1. If we count other beta carbons within 10 Å of each Cβ, what is the order of A:ARG37, B:ARG69, fewest first?
2. Fewest to most neighbouring Cβ within 10 Å: what's the order for A:THR26, B:THR110?
3. Using the eigenvalues of the Cα gyration tensor, what equivalent ellipsoid semi-axes result for region A:25-111 when each is taken as the square root of five times the eigenvalue, whole Å, largest first?
4. Principal axis lengths of chain B from Cα atoms, whole Å, largest first?
5. Order these by the 10 Å Cβ neighbour count, fewest first: B:SER55, B:SER81.
6. Less than 11 Å Cβ to Cβ from A:LYS52, Lys/Arg counted +1 and Asp/Glu -1: what total charge do the surrounding residues give?
7. Please report the projected area of the protein assembly as shown's Cα convex hull averaged over all directions, in nm².
8. Let me spell out the model: positive unit charges on the Cβ of Lys and Arg, negative unit charges on the Cβ of Asp and Glu, origin at the Cα centre of chain B. What dipole size does that give, in debye rounded to 20?
Amino acid sequence: DAKTTQPPSMDCAEGRAANLPCNHSTISGNEYVYWYRQIHSQGPQYIIHGLKNNETNEMASLIITEDRKSSTLILPHATLRDTAVYYCIVPTRGSARQLTFGSGTQLTVLP
Amino acid sequence: EPEVTQTPSHQVTQMGQEVILRCVPISNHLYFYWYRQILGQKVEFLVSFYNNEISEKSEIFDDQFSVERPDGSNFTLKIRSTKLEDSAMYFCASSEEGHLRGGYTFGSGTRLTVV
């Protein structure tokens, strides 16, 4: 498995960009990076995924370093509703459908 | 926006009793999953299901667990003889495609309390 490392917690001011880092130094060439979030014990919510190019959707942007050993999820204008645990996931090798959640980063958006 | 619906939102059961947790996946999705989260712990994969068969299951998903798609809309998780340690949030998810790149949609969960 490609292990991921995330800071346990971060704060961000409302309206500012939230930049959530993730290290995945053992990722292999064809493994994707996925980001999900979980708002206060609700079901996890898919945010974005990427392989090597930067990706953007209506929720966030994903920046992956050229060596693919780390990535950053960017919420461009964080709101109070973005307070959640954010999970960076590199799926279990050999399992096409299984998400392995770690401890994630607790992002708190402050008013 | 389409949702995965789970019922009940909270279930309390006595140890040793059978429980059935119900899920209505998104209508055009073909792949279904159950995950659980014990209070204060990580979200854990239980099982994936496609074409009326289990595709993958974790070590947690032992003989006391079973899944079924009894009709065209429901997807159920049965726990045959509940134990105290089965107390957790159980999340159902579905996806249109059979790989992670399609993104999974999770329901809001059923909180199971075994007493």
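We did not get these values from a lab; they are worked out from the coordinates using the rules stated. Please read these numbers as outputs of a predicted model, since none were measured by experiment. A quick note on method: Cβ atoms are made from the backbone with ideal geometry, for glycine too, and the neighbour counts reach across all protein chains shown.
1. Details: A:ARG37 23, B:ARG69 17.
Starting with the residue having the fewest Cβ neighbours, the order is B:ARG69, A:ARG37.
2. Details: A:THR26 12, B:THR110 22.
Lowest count first: A:THR26, B:THR110.
3. Working: eigenvalues 101, 50, 21 Å².
For region A:25-111, the ellipsoid semi-axes come out as 22, 16, 10 Å.
4. Here the spans come out as 37, 28, 27 Å, largest first.
5. Numbers: B:SER55 17, B:SER81 12.
Fewest to most other Cβ atoms nearby, the residues stand as B:SER81, B:SER55.
6. Numbers: positive: A:ARG68; negative: A:GLU31, A:GLU55, A:GLU66, A:ASP67.
Result for the local shell: -3.
7. Working: hull surface 49.3 nm².
The directionally averaged projection comes out at 12.3 nm².
8. Working: 10 positive and 15 negative charges, 54 e Å.
In total the dipole reaches around 260 debye.
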